[in-house]
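Take a look at the structure set out below.
FYI, it's all coordinate maths here, none of it is from the lab. Computed from a predicted model, the values in this text were never measured in an experiment. We place every Cβ from the backbone using ideal geometry, glycine too, and count neighbours over all the protein chains shown.
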Amino acid sequence: MKPLSEHVSALLPRLQQWRRDFHHYAESGWLEFRTATLVAEELHRLGYQLKLGRDVIDADARMGLPDDATLRQQEARALQQGALPQWISHFSGGFCGIVATLETGRPGPVMGFRVDMDALDLNESQAADHLPQREGFASCNPGMMHACAHDGHTTIGLGLATVLMAMKEQLSGTIKLIFQPAEEGVRGAKAMVTRGVVDDVERFTAIHIGTGVPAGELVCGSDSFLATTKLDVHFTGVGAHAGGRPEEGRNALLAAAQATLALHGLTQHSGGVARVNVGVLQAGTGRNVVADCALLKIETRGVTNKVNDEVYQQALRVIAGAAAMYGVEQQVSLMGAARSCTPTQPWVDFIHQQADALGIFSSVVDRKAQAAGSEDATCMMERVIARGGQASYVIFGCALAAGHHNAKFDFDERVMPDAITLLATLALNQTQFGGA
Ligand SMILES: O=C(O)C[C@H](NC(=O)Cc1c[nH]c2ccccc12)C(=O)O
């Protein structure tokens, strides 16, 4: 019988091909049409039972969905870029989720692994010293870039699927591989949870590459998630001749600008870390027109759900106040939300022990105090834990060319085989898990 390490070594060239292909054709949240069809084809070819699209995504629980025109346009774009027509109908309209199941036929628990597939709304650097540019796999989609390593996560999911299928005689129980859309903006997980995707999962593991953790280090139970709320605000004013009748206008641009500055001042909280970011401000239509429209894309975050909720409520007051100052209307839309969550210690202990035994990581720790992000995998974790299951969030440290969400982000691809090795080991050795 071939050992795991040989299965993983044999995969190396394909891991790089997959990762660079997904990177080149980066697709933002809910628009992962090409990526999802290729993932579905590969999982189907491997022999997994597939549940796709509406069977794993609750239409009404989707948050921050792009408008219909964008969905249609991006689906056409994906087909031009090699999305597989035989799979696209499942994902059409913003349903790019996949759950692949392997029933081993032997008794044992249901293990769930979650990876995400979406890119960020960001233009990739065109600088010659940016490796994806130099090696010809930088994003060809304007405004979409894999700057948070989800191209790597999707690849790890496919690599894991490949080795687990090859070693299925040594597995017991059920393996569920979850490929999630729209993690950025914390929009996608809830729709999968509402559809029941993790309801039968007893041991759940979500992953991330990088996040500032050094190469070779493994964080077995990351718990530094900020609770977060994402909102869009549309200000509607009244246009007017900027020279002749400015007093007849109601300036939406000034309301948005005023709100932006005040929002960034809301980060004082005795409960701990609080954050506000206005990531997008669009306003106005012409130089000599009092701006009658403005859009803000905003997020609040907090170290606890309570801190985030309080910052969010304060943000709503600031927005209403700024609108009142200029006599404009404001409309707030909720675009995404995620809570903080703590992994279950027995599962963290098991991951720690398995990682130590593997000996491929230079350092293995339970958790790490670090600059935190948010994650909607917490929504899946929460559900699994509420139903009595085990859940954790594992971070694979690796060298980065630049920070996450930066136009020059890139990660050292050598992290991918190590991640697959650990996750496959958790599945292969799950009978050693002592339980809670
Ligand atoms: O809120 C979001 O949109 C999700 C997004 N998620 C991540 O970036 C993943 C992530 C989780 N923890 C960390 C820590 C550092 C970088 C990235 C992360 C974020 O925090 O902006």
_Sum of -39500 (n - 2.57) over DSSP H runs of 4+, divided by residues of the chain (222 nm, nearest 500)_ = -11000 deg cm²/dmol
*Stokes-Einstein D for segment 1-58 at 4 °C, 1.567 mPa s, Kirkwood Rh over Cα pairs, in µm²/s?*
96
*asked:* How tilted is helix 150-166 with respect to the longest principal axis of the chain? Cα atoms for both, answer in degrees (0 to 90, nearest 10).
replied: 20
*asked:* Please arrange His153, His90 by how many other C-beta atoms lie within 10 Å of their C-beta, fewest to most.
replied: His90, His153
*With a 10 Å Cβ neighbour count serving as the proxy for reagent exposure, in which order, fewest first, do Glu382, Glu124, Glu169 appear?*
Glu169, Glu382, Glu124
*asked:* Going by Cα centres, segment 1-59 and segment 306-327 are how many Å apart?
replied: 42
*asked:* For segment 1-101, take the convex hull of the Cα atoms, compute a quarter of its surface area, and give me that in nm², please.
replied: 7.5
*May I ask for the net charge around Glu75, where only other residues with Cβ less than 14 Å from the Cβ of Glu75 are counted and Lys, Arg are +1 while Asp, Glu are -1?*
-1
*Near Met165, within a Cβ-to-Cβ distance under 11 Å, what is the net charge of the other residues, with Lys and Arg +1 and Asp and Glu -1?*
0
*How much net charge surrounds Phe361 when only other residues with a Cβ under 12 Å from its Cβ are counted (Lys, Arg +1; Asp, Glu -1)?*
-3
*What per residue convex hull volume, in Å³, do the alpha-carbon atoms of the chain yield?*
141
_Acute angle (nearest 10 degrees) that the helix 377-386 long axis makes with the longest principal axis of the chain, alpha-carbon atoms_ = 60
*For segment 326-436, compute Rh as the Kirkwood radius over C-alpha pairs and then the Stokes-Einstein diffusion coefficient at 25 °C and 0.890 mPa s; write the answer in µm²/s, rounded to an integer.*
146
*Assuming 0.890 mPa s and 25 °C, estimate D for segment 88-234 with Stokes-Einstein, Rh taken as the Kirkwood radius over Cα pairs, in µm²/s.*
140
*Exposure proxy check: Glu184, Glu32 ranked by fewest other beta carbons within 10 Å?*
Glu184, Glu32
*Using alpha carbons only, how many degrees (0 to 90, rounded to 10) separate the axis of helix 252-263 from the longest principal axis of the chain?*
50
_Using all alpha carbons of segment 227-337, what is the percent of pairwise distances in each 5 Å bin, ordered from the shortest bin to the longest?_
2, 14, 23, 21, 15, 10, 7, 4, 2, 1, 0
